[in-house]
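I have placed the structure first, in the form of structure tokens, so that the comments after it can refer back to it.
Please treat every number below as a calculation from the coordinates, not as lab data. For clarity, every value in this text was computed on a predicted model and none was experimentally measured. Quick reminder, even Gly has a Cβ in these numbers, built from the backbone with ideal geometry, and neighbours come from all protein chains shown.
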Amino acid sequence: RKEVEQDPGPFNVPEGATVAFNCTYSNSASQSFFWYRQDCRKEPKLLMSVYSSGNEDGRFTAQLNRASQYISLLIRDSKLSDSATYLCVAFLYGQNFVFGPGTRLSVLP
Amino acid sequence: GAGVSQTPSNKVTEKGKYVELRCDPISGHTALYWYRQSLGQGPEFLIYFQGTGAADDSGLPNDRFFAVRPEGSVSTLKIQRTERGDSAVYLCASSPLPGDTQYFGPGTRLTVL
């Protein structure tokens with residue numbers, strides 16, 4: 001079983017739609033979680049950190065459920081420019097960052 | 001300010017050759033990470049430096065891979081006797097402290113023929 005799992009997609013959604021991605025992690029001791037965005041043939045860039053209480057940044061909302069060991073990302077009012085691969089990341093201090101395989105999103109006009 | 005830089009951006013080599021990939025982290029960042037990313041996969045951890053020392057090298061696939069960071073800044077990933085399976089994008093990231101947000105470089109695309 002992989003440490004961080006994601007549905008690879010692709011998710012094809014129309015502009016303006018709301019889309020949600022889930023991610024599960026296997027190490028219950030993981031301390032920090034992040035969502036990164038990666039455009040085709042580019043490096044990953046931090047989208048947002050994920051806090052236990054949940055957090056929102058504009059159209060993006062991240063949630064963490066430690067009991068079920070999953071993280072979610074909700075994107076509201078999708079834009080064409082949101083098309084990318086979204087990487088879920090878990091971190092355990094003293095170990096390292098573990099990336100999921102990514103979920104590919106295509107927002108269609 | 002300047003971000004993480006990596007050189008070369010592309011490297012094509014022949015099976016069995018030796019290659020060096022360089023990473024210049026953001027100034028002042030003590031933590032430096034190397035990852036390998038294959039098509040359709042997320043970045044796969046290779047090695048992590050805290051300062052000059054390799055704090056965790058558990059991701060290095062075998063002893064053909066080695067990395068150094070002699071002065072706690074620039075790092076070099078070295079691959080001996082390259083194999084076709086080594087072809088991937090090699091990403092470097094740095095962060096101010098372990099566990100902080102990582103900032104990635106543009107990567108080096110390695111192709112082993």
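One quarter of the convex hull surface built on the alpha carbon atoms of the protein assembly as shown amounts to 12.5 nm², the projected area averaged over directions. Inter-chain Cβ neighbour count for A:78-91, averaged per residue, equals 1 (cutoff 10 Å, partner chain atoms only).
Globularity index of chain B is 0.99 (Cα radius of gyration / 2.2 N^0.38 Å, N = number of residues). Here region B:41-113 and region A:1-56 have alpha carbon centers that stand 23 Å from each other. For A:GLY9, the residues whose amide H sits under 5 Å from its own are A:ARG104, ignoring neighbours fewer than 5 places away on the same chain, with H placed 1.01 Å from N. Working note: Karplus 6.51/-1.76/1.60 with θ = phi - 60° gives region A:7-24 the couplings 6, x, x, x, 9, 10, 10, x, 3, x, 6, 9, 9, 10, 10, 10, 8, 10 Hz, where Gly and Pro are set to x. In chain A, which longest range has no chymotrypsin sites (Phe, Trp or Tyr not before Pro) that are both DSSP loop (not H, G, I, E or B) and surrounded by at most 12 other Cβ atoms within 10 Å? Counting at most 12 other Cβ atoms within 10 Å as exposed, the longest clean stretch of chain A is A:1-50.
Taking 4.7 Å between C-beta atoms as the pairing limit, chain A has these partnerless cysteines: A:CYS40.
So if I take the alpha carbon set of chain A, get Rg, then get Rh from the Kirkwood formula, what is the Rg over Rh ratio? Radius of gyration over Kirkwood radius for chain A works out to 0.96.
May I ask which of A:LYS2/B:LYS11; A:LYS42/B:LYS11; B:LYS11/B:LYS78; A:LYS42/B:LYS17; B:LYS15/B:LYS78 have a Cα-Cα span longer than 22 Å here? Intermediate results must be reported in sequence, preceding the final value.
On the way: A:LYS2/B:LYS11 30 Å; A:LYS42/B:LYS11 16 Å; B:LYS11/B:LYS78 13 Å; A:LYS42/B:LYS17 26 Å; B:LYS15/B:LYS78 14 Å.
Flagged as over cut-off: A:LYS2/B:LYS11; A:LYS42/B:LYS17.
Just the Kirkwood number for region A:29-91, please: inverse of mean 1/r across all distinct Cα pairs, in Å, one decimal. Roughly 12.3 Å, rounded to one decimal.
Highest first, please rank the peptides B:55-62, B:8-15 by the mean number of other Cβ atoms sitting within 10 Å of their residues.
Highest mean packing first, the order is B:55-62, B:8-15.
The HN-Hα couplings worked out from phi for region B:61-69 by the Karplus form 6.51 cos²θ - 1.76 cosθ + 1.60 (θ = phi - 60°) are x, 6, 6, 6, 9, 8, 9, 9, 8 Hz, whole numbers, x standing for Gly and Pro. Candidates B:ALA55, B:PRO43, B:ASN10 compared by Cα position along the dipole of chain B: farthest toward the positive end lies B:ASN10, with charges placed on Cβ. Which residue, chosen from A:SER81, A:GLY58, B:PRO106, occupies the Cα position most advanced towards the positive end of the dipole of the protein assembly as shown, where the dipole is computed from +1 (Lys, Arg) and -1 (Asp, Glu) charges on Cβ about the Cα centre? Highest projection toward the positive end goes to B:PRO106.
For the peptide B:101-108, the mean number of other protein chain Cβ atoms found within 10 angstrom of a residue's Cβ is 4.
Overall, chain B carries a charge dipole of about 420 debye about its Cα centre when +1 sits on the Cβ of Lys and Arg and -1 on the Cβ of Asp and Glu, all other atoms neutral.
Put simply, the amide H of B:GLU83, placed in the peptide plane, has neighbours under 5 Å in B:GLY16, leaving out anything fewer than 5 places away on its chain. Applying a DSSP loop filter and a limit of 15 other Cβ atoms within 10 Å to the trypsin sites (Lys or Arg not before Pro) in region A:7-83 leaves A:ARG41, A:LYS42, A:ARG59, A:ARG66, A:ARG76, A:LYS79.
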